[in-house]
Amino acid sequence: MAGTSRTGASYRFRVSDALDVPLRGRLLRLRLLDGNPSMKELAKGRKLTLTAPDGERREVTIMSHGVTGGRATQQRLEATRELDIMVAAEDAGSGEDAIDIGWIATGA
């Protein structure tokens, strides 16, 4: 199941990288697989549903965008088809239970 964008189209991201950031949470690099979501749908405070390869589902709130590659804009998302987001450590889990590479993210 994919999240729905403002135009009614669906979108899906794949977690292509994930790492813990001390005192901040977990950074997830999302690679756009399908659709064309707006940055408003992916803004701070919005929710995403993440699904593990084994089917486990978890809802997370976007705390912020990563800026390692530059500011997160609609134009940048469309050009790179990638977005870095920060989620709370409590939402992301820990150890073997943590959100990791291969999980699928959709709009909540």
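Data overview
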| read-out | value |
| --- | --- |
| Computed label-point distance, nm, for sites ARG46 and ASP97 using a 7 Å Cα→Cβ extension | 2.8 |
| Mean separation of Cα contacts under 8 Å (6+ apart) over length of region 3-107, as relative contact order % | 37 |
| Likely footprinting exposure, MET39, MET86, fewest C-beta neighbours within 10 Å first | MET39, MET86 |
| Pair ARG71, MET39: separation of 7 Å Cα→Cβ label points (nm) | 0.7 |
| Among ASP91, ASP54, ASP17: highest mean-square fluctuation, GNM of the chain, C-alpha pairs under 10 Å | ASP54 |
| Fewest-first ranking of ILE62, ILE101, using other Cβ atoms within 10 Å as the exposure measure | ILE101, ILE62 |
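Taken together, the values in this text are just the output of simple stated rules run on the coordinates, not laboratory data. All of these numbers come straight from a predicted model, not from anything done at the bench. Heads up, the Cβs are rebuilt from the backbone with ideal geometry, glycines too, and the neighbour counts pull from every protein chain shown.
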